[in-house]
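Inspection log for the structure reproduced underneath, given as structure tokens.
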Amino acid sequence: SQKGNSGSAKGNELENLTIMLDWYPNAVHSSIYYAKEKGFFEDEGLNVTIEMPAETNDPLKLAATGKVDLAISYQMQVALSRSENIPVVSLATLVRHSLNGIMFKKESGILSPKDLEYKKVGYASSSISEAVVETMIKADGGDPSKVKMVDVGWNLMPAIATDNVDALTSAYSNHEFVILNKEGHDMVMIPPSEYGVPENYELILVTGEDTLKKKKASFEKFWRALAKGQEAVNENPEEALQVLLDHENDSFPLDKEIEMQSLEVLLPLMYAENLPFGYQEEGSWNGVIDWLFDVGIIQEKFDATEVYKNIMPK
Amino acid sequence: MTLELKDVCYSFVNEKKERNQVVAGLNLTVCQGEFVSMIGKSGTGKSTILRLITGLLHPEKGTISVNGKSVELGDVGYMPQRDLLLPWRTIIDNIMIAGEVQKGLTITKEKARGWLDRVGLLEYENALPKELSGGMRQRAAFVRTLLTGKEILLLDEPFGALDALTKKEMQTWLLSIWQELDQTVLFITHDLEEAVYMSDRIVLLSSNRSLEEISVDLPRPRTKEMQHSTELVRQRQELEKKIAYDYG
Amino acid sequence: MTLELKDVCYSFVNEKKERNQVVAGLNLTVCQGEFVSMIGKSGTGKSTILRLITGLLHPEKGTISVNGKSVELGDVGYMPQRDLLLPWRTIIDNIMIAGEVQKGLTITKEKARGWLDRVGLLEYENALPKELSGGMRQRAAFVRTLLTGKEILLLDEPFGALDALTKKEMQTWLLSIWQELDQTVLFITHDLEEAVYMSDRIVLLSSNRSLEEISVDLPRPRTKEMQHSTELVRQRQELEKKIAYDYG
Amino acid sequence: MIMVKKWLQSYALFTASACIVLLVVELIVRQGIVPAYIIPAPSNVVIAIYSNWKPLIFIHLSATMLEFGIGFTISVIGGTGLAVSMFFSKTIEKLMYPAVLISQTIPIIALSPIFVLWFGYTIWSKVAVTVLISFFPIVVGTFDGLRSTDKEYVELFRSMGAKKQHLFQKLHFPTALPSFFSGLKIAIVSALIGATIGEWLGASEGLGYYSRRMSGDLNSEGVFAAITLLSIVGMILFGFVSLLERRFLKWKNV
Amino acid sequence: MIMVKKWLQSYALFTASACIVLLVVELIVRQGIVPAYIIPAPSNVVIAIYSNWKPLIFIHLSATMLEFGIGFTISVIGGTGLAVSMFFSKTIEKLMYPAVLISQTIPIIALSPIFVLWFGYTIWSKVAVTVLISFFPIVVGTFDGLRSTDKEYVELFRSMGAKKQHLFQKLHFPTALPSFFSGLKIAIVSALIGATIGEWLGASEGLGYYSRRMSGDLNSEGVFAAITLLSIVGMILFGFVSLLERRFLKWKNV
Ligand SMILES: Nc1ncnc2c1ncn2[C@@H]1O[C@H](COP(=O)(O)OP(=O)(O)OP(=O)(O)O)[C@@H](O)[C@H]1O
Ligand SMILES: Nc1ncnc2c1ncn2[C@@H]1O[C@H](COP(=O)(O)OP(=O)(O)OP(=O)(O)O)[C@@H](O)[C@H]1O
Ligand SMILES: [Mg+2]
Ligand SMILES: [Mg+2]
């Protein structure tokens, strides 16, 4: 590897940073692994440790307590954390668009959200997923109370693959959708933004309020390195992915085909025209906050600038 | 019911595969209605012989038969040397156990209580075994054996833990039952007086595994008074001498 | 070591809170070097008295003292009525147990083997208790008690499961040890001859909880021959008569 | 009444210590030493239970209890049944013991897709997890208990001509009870956990579902409300088995 | 060699049945009756193990075994220690039994942030889960075993002036062994599962982590490769405890 092939003179003074992923390593995290492998973090004087969570909400809580410096989480979840007094701040977005949506087999005959009436929809425990489905059905002129929602726990894919539910939400266009298609199911996906749910940043980089005060400068360095990694990924996805695969390959046989497709889905969703990579806009945050308030998940609106601070120059 | 042992051999084999031949070529017949006592030094194999007769152990060689038929489990009434009362059952439930496991045998509570009364344990019918003294437990085990209602009884030191007086009561009682029901009894005891008083015949098991038979010359029925008769004392002394010579 | 019981009372209380007064106002003294036998009908409280003396049970009333000092656990050597050999230990390990739990007592393997040999169990030193006959187990338990090395011995029917001959061997052996070590012995037995042969004094426990003392008039040392002496037989018969009258 | 008083007396120390611990936690959380989204203040958990008690008890607790009830019953019947069969037949023992053992070494989560395939999101998937988790302690307890019978007693019974069935009923069964109850105490607690884990495989009610859902909504009070109820129920169930045990093994303590 | 042969003979039936079951599964999967991403063809599982055996064994299995080893050791020492203290002191019993019980009624995953907060992503969070899961059977087994001593033997020992410590060593301890081993057999299997569950709380190696990770990718061969290894290890561990048990309780079977 080319690790530390430049600027390694200050190698013994590297500052330690930990980042907790939202889930196990996959294509979304290519930039992080690429930056680490290529020594971009070291060049910035950072030694980055990557952790994986037990539960999708652990990264948020642990970032808030300062147990990890950085974490990857979801915009909606971070907005919700405000109302639960969990002091986290979003620093940047990794995926600017929703990966979530309603997903079903083509043969199910479902065409739009209102067709879900009298059907079973599987979701992973959270009120937000439920609200997404409700909003979409309402927007489509259907009656959300006629949908049977099933919390399918850890088993999103098996739930629909075995026809125990008719549709899925909380499943991602870059992961479940790709895998299910590969397994021979002809899947269709409806993005929530088409039916009344505000477009949102699916994955964002967060930290604890206190941590931010202490390590703002380091986070800026971190982001510079990460953005560099992301650029490389964007320019040469195949090679970047190989870095991730190689890193994982000594213990896990990741499916290259799936990860490549996943990355292809992701890349366009990670950039916005005229904005630097990762830059967050107040409008997006306000949209999410308003919607969460409207569907009753948060009881009070709050100022969006409390939850996000961009760490990159515009 | 006649009990017949022919050329019976038995060995215990321990972990290290060492054989301990305990019964070697034993021949013994106990006729219908006979009362035979077995005496012998500790560890000569008396209890083992009873376990062989019940069918719990199988002879390596030789045959054991009842009325000419090979003996089977459940054919005889057996009172083991240890009382083996079930610790979780009251005394009355302990003695009624045969009625629960033997086909075609019902023991009414009245009957059981009657027999308990006979051995002086009626007030302990609802006590647990551990609330009883050693001798009381032995009497309970004795009653339990009688209640099996078998025609052949194998009794392994049934009165060993009893005081002189209680023992004598039990002896006359056992004799009366035996006579009434015309049972066949093989009886292990260490009390020579008891052996003489109770038996038609005494078999003496020597340490060299050989067996000697001594017939008892006392008239039947044996009355209470005979327990102190000079004739009994004389026969007992004779037996004692024989033993002193034989055991060696 | 003098053992003294003064006005001792004891009751068992069962689940239903019913009291069973087993020992009522008992007075008994066993002097230093004395050999006292206790006889009495089954269930009169002999074993309970021993358990009281060991300190396992505490009298409701009265005092129990050794040399004027209130008795404590571990003061006396106690052989319970049941053999209570630990089923997971070999015989030799069973009899050496006192050396493991008594402070300041060491029992060498040689010593233990020597004593085993004395009771005829040497070839069974490595056998488990369940591989032994009833009488063999009793002998092992007896040796275990002797090896506690106590000056006061409480023996609950130590020879009850032994044949006449083995019993007599054990008796003379016990007497010789007793004399040699100048021990104080309280001995429960159902064998009147044994009581007479062994004791300086016999205490007779009646069903009404009262106690009668009978002194034995045989010279010391008691020889092997005395086991068959007419004097012994006479005293035994006297005792028997007394019992027949008293027990009632 | 007397029983309650006695209970309170014997567990006074525990109750006191528990109160102190809760008080300390309350203080720590209020002082902000541990954030409330990790460990909530006990008072808030009580409030969360109180303000939600109707659905908590009538919907979630009762759903969990139903799963638990069915699963535990199956475990007890099936587990003792298997142990008894294994006791009577070496063939069954050699065949089934390894199979049961394998079932215990498999992380349930890994099996969850199979459960979903077989049972869907019916109550049976939760029951299956409950059974899977609570079965083994009962089998081991009962089987080891049955094997511990004293051979001398067996001989006594056999000498009376007792059939295997009698031997079992009158001797092996009572002998096995202490060990069986040890297994049962472990199993009843596992079964409750089993029901909650089962709910994580997919459910729409139950305390396991509730706790996960609350965790998804970042509501730690809700999570602990469910855990608190589970603990209380678990202790009651355990206490119940202990009572039964004392009742059945009364002869030991007389 | 002789032992292996004997073992093979006595488990021949099981081995045969297992082969048949595997064959049937193979057929079912190949026929497409059950999709391979739910239950993989056994042959493919073997291939998955074979082609990945190095990381599976040297990284994941060894990580899991380390967690298991530390956790189980702590459980055995701590569990017997607690049981012994409870046996000697009613106060400790009344204080600790409910506390241990509560710890058993809590679904661990619901507490994952607390574990992480306390132990971080070190091996100790996995060890903690292992301990939490395997502790209880040992406590119950040992405690119930200690209490089962025959009072007459206790009297015999006390009459010799035996101290509590002697009573324990020479009497209570040997008496408790059968029940202790029952608990131990349950615990050793639970501990293995505990280690895998612990890995779900955050890990980067271990068979539990591996299986969950594979399951997230719907890679059922990978999941079953891990499960297969876990089962084999579980059976070996159980067999080992059973051997120990037979060794220590040899006097029962002579
Ligand atoms: N653990 C106990 N619980 C309740 N009652 C008991 C207990 N032990 C003995 N008893 C009662 O105390 C009385 C005396 O018993 P003890 O064992 O002292 O008699 P014993 O004189 O030794 O009789 P034996 O000659 O039969 O051994 C009996 O009535 C018995 O029922
Ligand atoms: N289960 C067993 N395993 C091995 N050896 C045994 C077993 N039972 C008895 N023995 C041996 O068999 C021999 C005879 O034992 P048995 O119990 O028949 O003697 P016994 O004549 O009844 O003696 P006692 O008068 O002492 O009761 C003894 O040497 C004993 O060690
Ligand atoms: Mg015998
Ligand atoms: Mg007695």
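Brief remarks on what is shown
- Every pair of residues 6+ apart whose Cβ atoms lie under 9 Å, when the first sits in the stretch D:227-254 and is within 27 Å of D:Asn52 (Cα to Cα) while the second is surrounded by fewer than 14 Cβ atoms within 10 Å (Cβ to Cβ): D:Gly239/D:Trp7
- Every listed requirement among (1) under 30 Å from C:Pro129 (Cβ atoms); (2) open to solvent by less than 20 Å² (accessible area, probe 1.4 Å); (3) part of a strand (DSSP E or B) is met by C:Phe12 save one, (2).
- B:Ala161 being within 16 Å of ligand 2 (Cβ to nearest atom) and out of contact with any strand residue (DSSP E or B) (no Cβ under 9 Å at 6 or more places or on another chain): yes
- Within the stretch B:91-124, restricting attention to residues that are part of a loop (DSSP other than H, G, I, E, B) and open to solvent by less than 30 Å² (accessible area, probe 1.4 Å), the residue that is farthest from the other protein chains (Cβ to nearest Cβ) is B:Ile107.
- E:Ala83 being hydrophobic (A, V, I, L, M, F, W, C) and in contact with an Asp or Glu (Cβ under 6 Å, 6 or more places away or on another chain): no
- With respect to the conditions (1) in contact with a Phe, Trp or Tyr (Cβ under 9 Å, 6 or more places away or on another chain); (2) more than 30 Å from B:Thr108 (Cα to Cα); (3) open to solvent by less than 40 Å² (accessible area, probe 1.4 Å), B:Ser207 falls short on a single one, namely (3).
- Residues in the stretch E:101-125 that are in contact (Cβ under 8 Å) with a residue 60 or more places away in the chain and within 13 Å of chain D (Cβ to nearest Cβ): 5 in all.
- Filtering the stretch E:117-153 to residues that are open to solvent by 30 Å² or more (accessible area, probe 1.4 Å), among the aromatic types (Phe, Trp, Tyr) and part of a helix (DSSP H, G or I) leaves E:Trp118, E:Phe119, E:Trp124, E:Phe135, E:Tyr153.
- Taken over the stretch C:239-248, the residue count meeting the criterion of being open to solvent by 60 Å² or more (accessible area, probe 1.4 Å) and either at pLDDT 85 or above or in a helix (DSSP H, G or I) (or both) is 4.
- Of the set (1) buried (at least 19 other Cβ atoms within 10 Å of the Cβ); (2) without any contact (Cβ under 8 Å) to a residue 12 or more places away in the chain, all apply to D:Phe181 but (2).
- Those residues of the stretch C:23-52 which are away from ligand 4 (no atom under 11 Å from the Cβ), over 24 Å from C:Asp217 (Cβ atoms) and either open to solvent by less than 20 Å² (accessible area, probe 1.4 Å) or within 14 Å of the chain's Cα centre (by Cα) (or both), in sequence order: C:Val23, C:Leu26, C:Leu52
- For the stretch C:27-46, a tally of residues being within 7 Å of ligand 1 (Cβ to nearest atom) and small (Gly, Ala, Ser) returns 4.
- Search result, residues across the stretch C:205-238 that are under 26 Å from C:Asn27 (Cβ atoms), within 19 Å of the chain's Cα centre (by Cα), assigned to a loop (DSSP other than H, G, I, E, B) and away from chain B (no Cβ under 14 Å): C:Val216
- In summary, helices (runs of 4 or more DSSP H) completely within the stretch D:1-56 and bearing 1 or more residues that are surrounded by 15 or more Cβ atoms within 10 Å (Cβ to Cβ) occur at D:12-30, D:42-51.
- Residue ID - surrounded by the most Cβ atoms within 10 Å (Cβ to Cβ), chosen from residues in the stretch C:169-204 that are away from chain B (no Cβ under 12 Å) and part of a loop (DSSP other than H, G, I, E, B): C:Ser199
- Residues of the stretch C:138-161 include none that is within 14 Å of chain B (Cβ to nearest Cβ), part of a loop (DSSP other than H, G, I, E, B), open to solvent by less than 10 Å² (accessible area, probe 1.4 Å) and more than 16 Å from ligand 4 (Cβ to nearest atom).
- Under the condition of being within 16 Å of ligand 1 (Cβ to nearest atom) and either surrounded by fewer than 20 Cβ atoms within 10 Å (Cβ to Cβ) or within 8 Å of another protein chain (Cβ to nearest Cβ) (or both), the residues counted in the stretch C:66-90 number 5.
- Where B:Ser133 falls short, out of the listed (1) open to solvent by 20 Å² or more (accessible area, probe 1.4 Å); (2) under 22 Å from C:Asp83 (Cα atoms); (3) more than 9 Å from chain C (Cβ to nearest Cβ): (3)
- Test result for D:Ser148, in contact with a Ser or Thr (Cβ under 9 Å, 6 or more places away or on another chain), of a type outside the set (A, V, I, L, M) and within 14 Å of chain B (Cβ to nearest Cβ): yes
- Just one of the listed residues (E:Ser211, E:Ser204) is open to solvent by 20 Å² or more (accessible area, probe 1.4 Å) and hydroxyl-bearing (Ser, Thr, Tyr), namely E:Ser204.
- Any hit, the stretch A:170-193, residues being closer than 28 Å to D:Gly206 by Cβ and small (Gly, Ala, Ser): yes
- Residue check, B:Glu125 among the acidic types (Asp, Glu), more than 14 Å from ligand 1 (Cβ to nearest atom), more than 21 Å from the chain's Cα centre (by Cα) and over 27 Å from C:Leu132 (Cα atoms): no
- Entirely in the stretch D:170-254, the helices (runs of 4 or more DSSP H) that have 3 or more residues that are of a type in the set (Ser, Thr, Tyr): D:173-200, D:207-216, D:220-248
- Selection count where residues are acidic (Asp, Glu) and either within 12 Å of ligand 2 (Cβ to nearest atom) or in contact with a Cys (Cβ under 6 Å, 6 or more places away or on another chain) (or both), scope the stretch B:1-30: 2
- Whether a residue is surrounded by fewer than 23 Cβ atoms within 10 Å (Cβ to Cβ), under 24 Å from B:Glu131 (Cα atoms) and either within 16 Å of ligand 2 (Cβ to nearest atom) or of a type outside the set (Asp, Glu) (or both) was assessed, and C:Leu56 passes this test.
The values are calculated or read from the model by the stated rules, or taken from the named source; none is laboratory data. In this text, all values refer to a predicted model and were calculated from it rather than measured experimentally. Note that each Cβ is placed from the backbone with ideal geometry, even for glycine, and that neighbours are counted across all protein chains shown. For the accessible areas, the whole protein counts, side chains as well, though only heavy atoms, and no ligand, DNA or RNA atoms are used. Shrake-Rupley method; radii C 1.70, N 1.55, O 1.52, S 1.80 Å.
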